[in-house]
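The structure appears below as structure tokens.
What follows draws every value from the coordinates through simple rules; no lab data is involved. A quick note: this is a predicted structure, and the numbers were derived from the prediction, not measured. We place every Cβ from the backbone using ideal geometry, glycine too, and count neighbours over all the protein chains shown.
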Amino acid sequence: MEGGELPWLLVNEVGGIRGILHSHVPFLKKHFHLITMKEFLESKKDVGKKVQAIYLWWHKPVIDKELLQSLPNLKVIANSGVGMDHLDLKLVASFGVKMANAPRAVSSSTADTGMALLLASARRLVEVHNISISPSMEYCEADILGVNVTGATLGIIGMGSIGYKIALRARAFEMNILYHNRTRRKVQEEQAVGATYCRRIDSLLQQADFVMLVVNLTPQAHKLIGKRELELMKPTATLINISRGAVVDQEALVAALQTGVIRAAALDVTSPEPLPRDHPLLKLKNVIITPHLGIKTDKATYMITEEAVENILAALSGLPLPSEVLPS
Ligand SMILES: O=C(O)[C@H](O)CO
């Protein structure tokens, strides 16, 4: 890609599985000279001093000490999503580099993904689709019986902006809503979506028909849901994870799904992603897995790039970043 007077922005690749979408490139090129990781590495890194910003697309490129050392004029890293668990925030900050995420763009589309998984699992959409396209189309009624969403209790663990938007959607489905969050929401906010606060996760797990995980992956959230927590859930309950795979003890989840400790799981995130093709979760009928679909709509992904550009331009002009993330 040819250069100009524009600031240099490093991206993992254009297109491909881990590359920014081709449709975003004209917009990015209005503001930046783009350089891909491949071009950067092929340049024997001597263009490193030109790079002022990195746009992380689906957690790539990997930001390590070696990369940071080879980019002496790097000012900012913008992330294409809200979760920053793939970045060593302290390491990045120690190089004087600012970081930003994209909370504005992600919350509605991620909440939609959560609700889509909830509905699909409740009504066994993948199984019934497979029956519908099978040559014989033979099935018994029991094979397609789902569970009710209307009137069921949804337990949301993690009531940030995504969790709250899930509550808004669940209310329209006439669900009872419980939530757990480190900080309790204001009473007016709870009332607006009809959500009841559970100080203890255990009590939410015991009451919910659907448990939705929406927490950030912090050290405290690692394997937050393990054997003990799964055993607290109702045998008719469904676990939905749109957070991070590591929030669930996957071995315990497989056992719980195989032995009927819980009814089903719908997972947009796993650990690792994707799972090895022989992983037991891929063989279970009561599991739906999607490939970290999260925000992936044409509009939301574009909004993420717009939010990233806004943050990068602010950092390069020495202005406050609209969605700066600081190491805790
Ligand atoms: O963190 C997010 O916003 C999504 O999961 C993409 O990583």
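Which value in Å is the Kirkwood Rh of the chain over different Cα pairs?
Computed over Cα pairs of the chain, the Kirkwood hydrodynamic radius comes out at 21.3 Å.
Can you put S134, S80, S107 in order of Cβ neighbours within 10 angstrom, beginning with the fewest?
The order, fewest Cβ neighbours first, is S134, S107, S80.
Determine, from the Cβ-Cβ distance of Q258 and K186 and an R0 of 35 Å, the FRET efficiency 1/(1 + (r/R0)^6), rounded to the nearest 0.05.
0.25
Got a sec to turn the phi values of the stretch 274-281 into Karplus ³J(HN,Hα) couplings, 6.51 cos²θ - 1.76 cosθ + 1.60 with θ = phi - 60°, whole Hz, x for Gly and Pro?
Here the 3J(HN,Hα) series is x, 5, x, 4, 9, 5, x, 4 Hz.
If you wrap the stretch 142-299's Cα atoms in a convex hull and average its projection over all directions, what's the area in nm²?
Numbers: hull surface 39.9 nm².
Averaged projected hull area, Cα only: 10.0 nm².
List the extent of the Cα atoms of the stretch 177-246 along each of their three principal axes, largest first, rounded to whole Å.
Result for the stretch 177-246: principal-axis Cα extents of 35, 28, 19 Å.
How far apart, in nm, are the 7 Å Cα→Cβ label points at L293 and L6?
3.3 nm
Would you please put 198-208, 157-167, 123-133 in order of how densely packed they are, using the mean number of other Cβ atoms within 10 angstrom per residue and starting with the highest?
Peptide ranking by packing, descending: 157-167, 198-208, 123-133.
For q = 0.14, 0.18, 0.30 Å⁻¹, what log10 I(q)/I(0) does the stretch 93-154 give under the Debye formula with an equal point scatterer on each alpha carbon and no solvent?
At q = 0.14, 0.18, 0.30 Å⁻¹ the computed log10 ratios are -0.61, -0.79, -1.19.
What does the net charge come to around P7 if you take all other residues with beta carbon closer than 9 Å to its beta carbon, with K and R at +1 and D and E at -1?
The answer is +1.
Using the crude model of +1 on Lys and Arg Cβ and -1 on Asp and Glu Cβ, and no other charge, please compute the dipole size for the chain relative to its Cα centre, in debye to 20.
With only Lys, Arg, Asp and Glu charged at Cβ, the dipole is about 620 debye.
Quick check on the chain: helices-only [θ] at 222 nm, where DSSP H runs of length 4 and up contribute -39,500 (n - 2.57) each and the sum goes over total residues. Nearest 500, please.
-10000 deg cm²/dmol
In the stretch 1-149, what % of DSSP beta bridges are antiparallel (nearest 5)?
5 percent
Treating only the Cβ of Lys, Arg, Asp and Glu as charged (+1, +1, -1, -1), what charge dipole size does the stretch 45-94 show about its Cα centre? Round to the nearest 20 debye.
Using only the charged Cβ atoms, the result is roughly 200 debye.
Check M159: other-chain or 5+ apart residues with amide H under 5 Å from its amide H, H built from backbone geometry?
R182
By per-residue mean of other Cβ atoms within 10 Å, what is the highest-first order of 141-153, 50-62?
Details: 141-153: 12.6, 50-62: 21.1.
Packing order, densest peptide first, comes out as 50-62, 141-153.
Pulled fully out, how much extra length does the chain show between S134 and L41, if you take 0.36 nm times their separation in residues and subtract their Cα-Cα distance?
Extra length available between S134 and L41 comes to 28.6 nm.
Nearest-5 percent of antiparallel DSSP beta bridges in the chain?
The antiparallel proportion sits near 5 percent.
Would you mind classifying the stretch 20-113 by shape? Square roots of the alpha carbon gyration tensor eigenvalues, ordered a ≥ b ≥ c; an a/c under 1.5 is rounded, otherwise it is prolate if a/b is larger than b/c and oblate if not.
Values: a/c = 2.12, a/b = 1.34, b/c = 1.58.
Verdict is oblate for the stretch 20-113.
Hey, how many Å between the Cα centroid of the stretch 261-307 and the Cα centroid of the stretch 174-212?
24 Å
In whole Hz and in residue order, list the ³J(HN,Hα) couplings for the stretch 110-120 that follow from phi through the Karplus curve 6.51 cos²θ - 1.76 cosθ + 1.60, θ = phi - 60°; x for Gly and Pro.
6, 4, 4, 4, x, 5, 4, 5, 4, 5, 5
Can you find, among L217, Y139, T236, the residue sitting farthest towards the positive end of the charge dipole of the chain, where Lys and Arg contribute +1 and Asp and Glu -1 at Cβ?
Going by the Cα projections, it comes out as L217.
With +1 assigned to the C-beta of every Lys and Arg and -1 to the C-beta of every Asp and Glu, and no other charges, what is the dipole magnitude of the stretch 214-328 about the Cα centre in debye, to the nearest 20?
My answer is approximately 620 debye.
Taking a label point 7 Å from the Cα of E324 along the Cα→Cβ vector, which residues of the stretch 17-61 have an amide N closer than 17 Å to it?
Residues passing the 17 Å test: 53-54.
With the cut-off at 1.5 for a/c, could you classify the stretch 211-328 from its C-alpha gyration tensor as rounded, prolate or oblate?
Prolate is the answer for the stretch 211-328, as a/c is 1.5 or above and a/b outweighs b/c.
Indicate, rounded to the nearest 5 percent, the antiparallel portion of the DSSP beta bridges found entirely in the stretch 43-115. Please report the intermediate quantities before stating the final value.
Working: 1 of 8 bridges.
The antiparallel proportion sits near 10 percent.
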